[in-house]
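Undergrad: Below is a structure I'd like to ask you about.
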Amino acid sequence: MQQDAATMPITSTGVSTGHGLDWPALFATRADRMKASEIRELLKLLDQPDVISFAGGIPDPALFPAEAFGAALTSALSGDTRGAALQYSVSEGYKPLREWLVTRMASLGVECTADNIMITSGSQQALDYLGKLFLSPGDTALVGWPTYLGALQAFNAYEPTYDRLTPLGNRSAADYRETAQAKGGAVKFAYASADFANPTGETLQASARQNILDLATELDIAVIEDAAYQSLRYEGEEVPPMLALDIARNGSIDNTRTIYCGSFSKTLAPGLRVGWVCAAKPVISKLVLMKQAADLHSATLNQMAIHQVASDGFEAQVAKIKTTYQARRDAMLAALSRHMPEGVTWTKPDGGMFVWVTLPEQFDGAALLAESIRSERVAFVPGKAFFADGSGANTIRLSFSCASEAMIEEGIIRLGRVVRGG
Ligand SMILES: Cc1ncc(COP(=O)(O)O)c(C=O)c1O
């Protein structure tokens, strides 16, 4: 019987066994930290039609501007542009798209030029490159407890240690420095998702952003600003990106330490894999060399299509999806207050796709997921995987992006029953 990758036996290093060769012994030490997620088996069940899933943190495919992409791709492949669309291109990225992004960044308070921007294959690629650029084995990355799992996975390959980034400004630079030295390296960057973070949905207020910049200045380290959800604000005032605050402190983007990672995945379409980095030129120059070595450039045709669709109607597309997601967020928050028992708390995000639920101490999110799928056919992501120190067992992440309001109500009723029984 043919086995697919998901059902192959997995060793502790996450490597399939069975061909005689001792592959793990051959792999570099960095491969040790690339592990299959424990919850993978459970989440495989999500494809079943009777499961209500709050697990995937992905956009609703019904909201993709598919027709606009169809027209943009046809146009890119006709006339004068068809050769360029299918040809090798520069590692920095498609110039008209970078120029569009200059205007977009200016609207967020970031004055820059196209030389401050490199296109990446999703912002995930930027996180990998930044891990590669900054982290020698044993160096320290400052991350939230919890933080985006994909960032931990990207950085893990470069064998760092992690320390907890607290945006309250209540830990001294000297303490961070000494902790990193004791672990045999230096602090290299602070990573933060400032708006509607994955997994918590929380937003850093301006004072917290300033605290992170103060700490980074004292430690003389970089700040990686993950802006994947930045455009998805449903209420409240916009808070300037950390990069804009950094420019205000230092006069010009080329004097800043903040590296902004943007993405079209949550607004236009993740499948085209187009994101960008906006930062000081010395950082961009180095990233361009890394991109040359890694994949030469992101797919030209995809960049052209994104440019066309963004130029024709980025704001309208964002307004459309925000209306839908906001209604789903409201439905989830209302359902949680109706159906969750005493002792359960959750975040109230101003945007994004996630609500972060904290259960009483004795709960284990992974065990609750197993029970929830078995008895009530509801799925979510246990929170522990988002903590670099393995804590957070009593937390879970709910995504409201892909379920209708009626499904959200029904799913939260069922989840409430599981929690009451747990
Ligand atoms: C916080 C965060 N950063 C980055 C990414 C990567 O997105 P992409 O590579 O599609 O831009 C994601 C995807 O879910 C995310 O949640």
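Undergrad: Among the residues of segment 285-308, which ones are farther than 20 Å from LEU73 by Cβ and crowded, with 22+ Cβ neighbours inside 10 Å?
TA: Hits for segment 285-308 are LEU287, LYS291.
Undergrad: Looking at the structure I just gave you, is LEU108 under 22 Å from the mean Cα position of the chain (by Cα) and open to solvent by less than 30 Å² (accessible area, probe 1.4 Å)?
TA: So LEU108 passes the test.
Undergrad: Here is a follow-up. Taking the criterion of being closer than 29 Å to ALA393 by Cβ, within 16 Å of the ligand (Cβ to nearest atom), touching a strand residue (DSSP E or B) at 6+ places or on another chain (Cβ under 6 Å) and in contact (Cβ under 8 Å) with a residue 40 or more places away in the chain, would at least one residue in segment 166-183 satisfy it?
TA: The answer is no; no qualifying residue exists.
Undergrad: Within segment 272-284, which residues are among the hydrophobic types (A, V, I, L, M, F, W, C), within 16 Å of the ligand (Cβ to nearest atom) and open to solvent by 10 Å² or more (accessible area, probe 1.4 Å)?
TA: LEU272, TRP276
Undergrad: May I pose another question? Kindly indicate whether SER311 is open to solvent by 40 Å² or more (accessible area, probe 1.4 Å), touching a Pro at 6+ places or on another chain (Cβ under 9 Å), over 14 Å from ILE117 (Cα atoms) and part of a helix (DSSP H, G or I).
TA: When the stated conditions are applied, SER311 passes them.
Undergrad: Given (1) more than 16 Å from the ligand (Cβ to nearest atom); (2) open to solvent by less than 50 Å² (accessible area, probe 1.4 Å); (3) more than 30 Å from ILE396 (Cβ to Cβ), where does ALA327 come up short, assuming only one miss?
TA: (3)
Undergrad: Among the numbered conditions (1) open to solvent by 50 Å² or more (accessible area, probe 1.4 Å); (2) of a type in the set (A, V, I, L, M, F, W, C); (3) closer than 21 Å to GLY421 by Cα, tell me where LEU369 comes up short.
TA: (1)
Undergrad: With the requirement that a residue be in a loop (DSSP other than H, G, I, E, B), in contact with a helix residue (DSSP H, G or I) (Cβ under 9 Å, 6 or more places away or on another chain) and over 17 Å from ARG338 (Cβ atoms), what does segment 388-403 give you?
TA: ALA388, GLY390, SER391, GLY392, ALA393, ASN394, SER401, CYS402
Undergrad: Right, another one. Taking PRO49 as meeting all but one of (1) under 24 Å from the mean Cα position of the chain (by Cα); (2) more than 16 Å from the ligand (Cβ to nearest atom), write down the number of the exception.
TA: It fails just one condition, (1).
Undergrad: Among the residues of segment 372-387, which ones are open to solvent by 10 Å² or more (accessible area, probe 1.4 Å) and assigned to a loop (DSSP other than H, G, I, E, B)?
TA: Matches in segment 372-387: ARG377, PHE387.
Undergrad: Another question, then. Of the residues ASP214, ASP312, ASP254, which is away from the ligand (no atom under 16 Å from the Cβ), touching a residue at least 12 places away in the same chain (Cβ under 8 Å) and touching a helix residue (DSSP H, G or I) at 6+ places or on another chain (Cβ under 6 Å)?
TA: Working: ASP214 fails: touching a helix residue (DSSP H, G or I) at 6+ places or on another chain (Cβ under 6 Å); ASP312 fails: touching a helix residue (DSSP H, G or I) at 6+ places or on another chain (Cβ under 6 Å).
Only one candidate qualifies: ASP254.
Undergrad: Tell me which of these ILE259 doesn't satisfy, since it passes every other one: (1) open to solvent by less than 40 Å² (accessible area, probe 1.4 Å); (2) away from the ligand (no atom under 16 Å from the Cβ); (3) within 20 Å of ASP115 (Cβ to Cβ).
TA: (2)
The values are calculated or read from the model by the stated rules, or taken from the named source; none is laboratory data. Note that the structure is a prediction, hence the values are computed from the model and not measured. Cβ sites come from the backbone with ideal geometry, for glycine too, and all protein chains shown count toward neighbours. Just so you know, the surface numbers come from the protein's heavy atoms only, side chains and all, with ligands and any DNA or RNA stripped out. Shrake-Rupley method; radii C 1.70, N 1.55, O 1.52, S 1.80 Å.
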